[in-house]
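What follows is one structure encoded as structure tokens, with my remarks underneath.
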Amino acid sequence: MGEQTRAANRRSPGPRLGEAFNATIVEMVPRSNPGRRKSHSGKRKGLASTSGNKRGRATRPHRRRQQSAELVIITGMSGSGKASVLKAFEDLGFYCVDNLPVELIPRFAELAVQSAEIRRTALVVDVREGSQLEQLPGILKSVRRMIPTKVVYLEASDAVLVRRFSETRRPHPLGTDAPVKSALRAERRHLGDIRSLADFVIDTSKFNVHELRAHITERFREKSAEKGILVSSVSFGFRHGVPEDADLVFDVRFLPNPHFVPEFRPLTGRHPRVAKYIRSFPQTKEFIQRISELLVYLLPHYINEGKSYLTIGFGCTGGQHRSVMIAEEVGKHLRQAGYRVKVVHRDSPK
């Protein structure tokens, strides 16, 4: 998965949400997914084929691959929040594409099933497709035979959508020849059949953008022992400057400095003897315990706000001893709490 959204055939980007974006969920209708019960194999290496109509025996790796693959199609009214929802899926690790032509969806799904790296995918299809959008119901039926597929349909009241277009000053994709209200009515008629096929219908009129993204995150986050956020525990030396990307910074220079113990000076906080020395002071143990408890309390709130990563900096004078040991210890506590943790020592010798 890449860190940035990969876009294919971008046309008119459509309206973007302003700062005053609001959203609400009024209806969610889970649908049965035939893709979870059927599998097709091609002639080569047991890979799925979009054109074969005969069932073959897939290899065991292929069956495991078929069960774990996932495709989410995001659609709905212009101005309803599709860009924010796509961003939420990107933060969840989905391979995301905006405004993919509908005729390419089967090929996209086939590649997703075959790929060893791309497992969870999401794409946006909306009224920018014009008359080609009429093909989507038929295409969706065939795609669901290849890969488990969910359709998320976003909508909002006319009054809210008109206000958003006014705030963003973006034209409606159906053109500027008619008032926005008339364009919205035409768009609703155009999307009626697609709405009826949706697995989740979300009215985004009353929730803000953070609440919408939090709902998408909760709904589509993979159920695992690890929480849905990556924590970077970074040690650094204040003499070299505070890390620019740090969200939280803690100064550990109040702890006794091993630098003044000659035998510890050439070592770092990762050495067992140095770590034991720093840990021998009661304030060290209390600091680690209190900071770890604080972070375990804070992290679920960051997750609910849609944050997918958090960088915590621990600084001492040179970034060699105290900060290194503390970053390692706090990282261990957070892993025990079920979080994904990456420990980085910015100024410590490699």
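The values are calculated or read from the model by the stated rules, or taken from the named source; none is laboratory data. In this text, all values refer to a predicted model and were calculated from it rather than measured experimentally. Cβ sites come from the backbone with ideal geometry, for glycine too, and all protein chains shown count toward neighbours. SASA here: full protein model, heavy atoms, side chains in, ligands and nucleic acids out. Shrake-Rupley method; radii C 1.70, N 1.55, O 1.52, S 1.80 Å.
Residue under question is A214, and the condition is that it be in a helix (DSSP H, G or I) and in contact (Cβ under 8 Å) with a residue 40 or more places away in the chain; does it hold?
yes
Considering only the range 145-168, I want to know if a residue exists there that is under 30 Å from P179 (Cα atoms), open to solvent by 10 Å² or more (accessible area, probe 1.4 Å) and within 23 Å of the chain's Cα centre (by Cα).
yes
Within the range 245-252, identify whether any single residue is free of Cβ contacts under 8 Å to residues at least 60 places away in the same chain and open to solvent by 60 Å² or more (accessible area, probe 1.4 Å), and answer yes or no.
Looking for residues that are free of Cβ contacts under 8 Å to residues at least 60 places away in the same chain and open to solvent by 60 Å² or more (accessible area, probe 1.4 Å), one finds none in the range 245-252, hence no.
Scanning for something surrounded by fewer than 16 Cβ atoms within 10 Å (Cβ to Cβ), modelled with pLDDT under 95 and not β-branched (V, I, T), does the range 309-329 turn up at least one residue?
Scanning the range 309-329 turns up at least one residue that is surrounded by fewer than 16 Cβ atoms within 10 Å (Cβ to Cβ), modelled with pLDDT under 95 and not β-branched (V, I, T).
Identify, from the list R120, R189, R185, R128, the residue that is within 18 Å of M77 (Cβ to Cβ) and within 26 Å of the chain's Cα centre (by Cα).
Of the residues listed, the single one that is within 18 Å of M77 (Cβ to Cβ) and within 26 Å of the chain's Cα centre (by Cα) is R128.
Residue check, Y277 against (1) of a type in the set (S, T, Y); (2) at pLDDT 95 or above; (3) open to solvent by 70 Å² or more (accessible area, probe 1.4 Å), all met but one. Which one?
For Y277, the failing item is (3).
I want to confirm something. Restricting to the range 56-85 and keeping residues that are farther than 21 Å from S196 by Cα and aliphatic (A, V, I, L, M), which single residue is modelled with the lowest pLDDT?
A58
Can S348 be described as open to solvent by 10 Å² or more (accessible area, probe 1.4 Å) and among the small types (G, A, S)?
no
Whether any residue in the range 245-267 is modelled with pLDDT of 95 or more, part of a helix (DSSP H, G or I) and closer than 30 Å to K307 by Cα is what I want to check.
No, the conditions are met nowhere in the range 245-267.
Does at least one position in the range 231-240 carry a residue that is closer than 30 Å to G269 by Cα, basic (K, R), open to solvent by 60 Å² or more (accessible area, probe 1.4 Å) and at pLDDT 80 or above?
Yes, that holds for at least one residue.
State whether one or more residues within the range 114-134 are open to solvent by less than 10 Å² (accessible area, probe 1.4 Å), in a loop (DSSP other than H, G, I, E, B), farther than 26 Å from E305 by Cα and among the acidic types (D, E).
yes
Test of understanding: among L294, L298, L334, which residue is assigned to a helix (DSSP H, G or I), without any contact (Cβ under 8 Å) to a residue 12 or more places away in the chain and open to solvent by less than 60 Å² (accessible area, probe 1.4 Å)?
Selected residue: L298, the only one of L294, L298, L334 that is assigned to a helix (DSSP H, G or I), without any contact (Cβ under 8 Å) to a residue 12 or more places away in the chain and open to solvent by less than 60 Å² (accessible area, probe 1.4 Å).
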